[in-house]
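One structure is given below, encoded as structure tokens.
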Amino acid sequence: SGSNYTQVHFKTGQQIYFIQESSGDEDKLITDRVFRDPTAWYHIVAVWDIAASETDRMILYVNGVRETSFASEVYPSLNKDSFVGITSDPLGIGASEYTGSFINEFDGVMSHVQYADGYAYAASDFGEFDSTSGIWKIKTSALANYGTNGFYMKMEDRTNLDLDSSPNGLTMTTSGTITGTYDNPDNNFSTLCPLYMPMSSEPTLSNGNNVVVTQNASGKYFGSASS
């Protein structure tokens, strides 16, 4: 509901928010640093571990490295559950679920979304640093355990983007329009840059900044190269 939720999302200030609100009581990690590279893929792991020591009950990893500097950090009490996986409300991926409908849709691109129900995995269970390049890369194999409601959405089949590849084989319900893209962590596209818009009528970017809708016919817009 509006006052009870658990979310991981980007805010307009381009920080990562890992937050739970329970009737006005907030537990949260809000990163100091911002994530504004318009061409980058980020690998994000959020851990909620109710039996851990206080500062390990909420953990954020980005590209295999644990975030340790936060603009705001408030940790949950011992054995406090999150709202993920324990209520009758659906889990929203790419949107906020609110009393049966979805709002705040994500305009970016996703790949390899996993949820482990009842298990607190580290980033190293999902990825590893390449021995040659040092770049963080995903592990495509399934986890050892997903729990009752866990899932693994690889999103590699453009005709079946909500396929669950975990042993649970859950059936997902897709709302709205999801567009398959060949832009992925192994095939990174050059995209339009949202950081510098010199026109008074700014364009609308979508599909991971691969699509632009201009606001007037005379506008000129600038791309951003990606290697």
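The values are calculated or read from the model by the stated rules, or taken from the named source; none is laboratory data. These numbers were taken from a predicted model, which means no experiment stands behind them. Using ideal geometry, Cβ is built from the backbone for each residue, glycine included, and neighbour counts are taken over all protein chains shown. Heads up: the accessible areas ignore ligands, DNA and RNA and are worked out on the full protein's heavy atoms, side chains in. Shrake-Rupley method; radii C 1.70, N 1.55, O 1.52, S 1.80 Å.
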Lysines within cross-link reach of Lys80: Cα-Cα under 18 Å, excluding same-chain residues under 8 positions apart?
Lys28
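Would you mind getting the accessible area per residue of the chain, heavy atoms of the protein chains only, 1.4 Å probe, in Å²? Walk me through the intermediate numbers first.
On the way: 13320 Å² over 227 residues.
Ligands and nucleic acids excluded, the result is 59 Å² per residue.
If you rank Phe83, Phe151 by how much accessible surface each has, with a 1.4 Å probe, what is the order from largest down?
Values: Phe83 60, Phe151 15 Å².
Descending order: Phe83, Phe151.
Specify whether the C-alpha gyration tensor of region 78-211 places it in the rounded, prolate or oblate class, a ≥ b ≥ c being the square roots of the eigenvalues: rounded for a/c under 1.5, otherwise prolate if a/b is larger than b/c and oblate if not.
Details: a/c = 1.83, a/b = 1.27, b/c = 1.43.
Verdict is oblate for region 78-211.
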Enter the accessible area of Val8 (Å², nearest 10), with the probe set to 1.4 Å and all protein chains included.
80 Å²
Could you run the Debye sum over the Cα atoms of region 15-61, one equal point scatterer each and no solvent, and tell me log10 of I(q)/I(0) at q = 0.18 Å⁻¹, two decimals?
-0.65
Given the options Ile103, Tyr5, Gln15, identify the residue whose Cα lies farthest towards the positive end of the charge dipole of the chain (+1 on Cβ of Lys, Arg; -1 on Cβ of Asp, Glu).
Gln15
Which Cα, out of Tyr146, Thr181, Ser206, lies furthest along the positive dipole direction of region 81-209 (beta carbon charges, K/R +1, D/E -1)?
Thr181
Taking amide hydrogens as modeled 1.01 Å from N in the peptide plane, which residues meet the under 5 Å criterion relative to Ser72, leaving out close sequence neighbours?
Ile30
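Assign unit charges at the C-beta atoms only (+1 for Lys and Arg, -1 for Asp and Glu), then state the dipole size of the chain relative to its Cα centre in Debye, rounded to the nearest 20. Present the calculation step by step, with values, prior to reporting the outcome.
Numbers: 12 positive and 27 negative charges, 115 e Å.
In debye, rounded to 20, the chain gives about 560.
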What number, in percent, do you get for the relative contact order of region 9-72 if the mean sequence gap of Cα pairs under 8 Å and at least 6 apart is divided by its residue count?
29 percent
Report the Cα centroid-to-centroid distance between region 115-168 and region 1-36 in angstrom, as an integer.
23 Å
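Dividing the Cα radius of gyration by the Kirkwood radius, what Rg/Rh value follows for region 1-115?
Values: Rg = 14.0 Å, Rh = 15.0 Å.
Using Cα coordinates only, the ratio equals 0.93.
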Of all the accessible heavy-atom surface of region 32-170, with the other protein chains kept in place and a 1.4 Å probe, what percent is carbon and sulfur?
47 percent
For Val211, distant residues with modelled amide H under 5 Å away:
Ser206
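What ranking, highest mean first, results for peptides 174-181, 25-32 when packing means the other Cβ atoms within 10 Å averaged over each residue?
Numbers: 174-181: 11.9, 25-32: 16.9.
Highest mean packing first, the order is 25-32, 174-181.
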Student exercise, region 1-104 dipole from Lys, Arg, Asp, Glu Cβ charges, in Debye to nearest 20
300 debye
Would you work out which of Tyr115, Ile30, Val62 lies farthest towards the positive end of the dipole of region 3-125? Charges go on Cβ: Lys and Arg +1, Asp and Glu -1.
Val62
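Suppose R0 equals 25 Å. What FRET efficiency, 1/(1 + (r/R0)^6) with r the Cβ-Cβ distance, do Asp117 and Lys139 give to the nearest 0.05?
Working: r = 19 Å, r/R0 = 0.77.
Calculated value: 0.85.
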Packing-wise, with mean Cβ within 10 Å as the measure, how do 55-67, 137-149 rank, highest first?
55-67, 137-149
Shape metrics for the chain, restricted to C-alpha atoms - Rg then Dmax, Å
18.5, 58
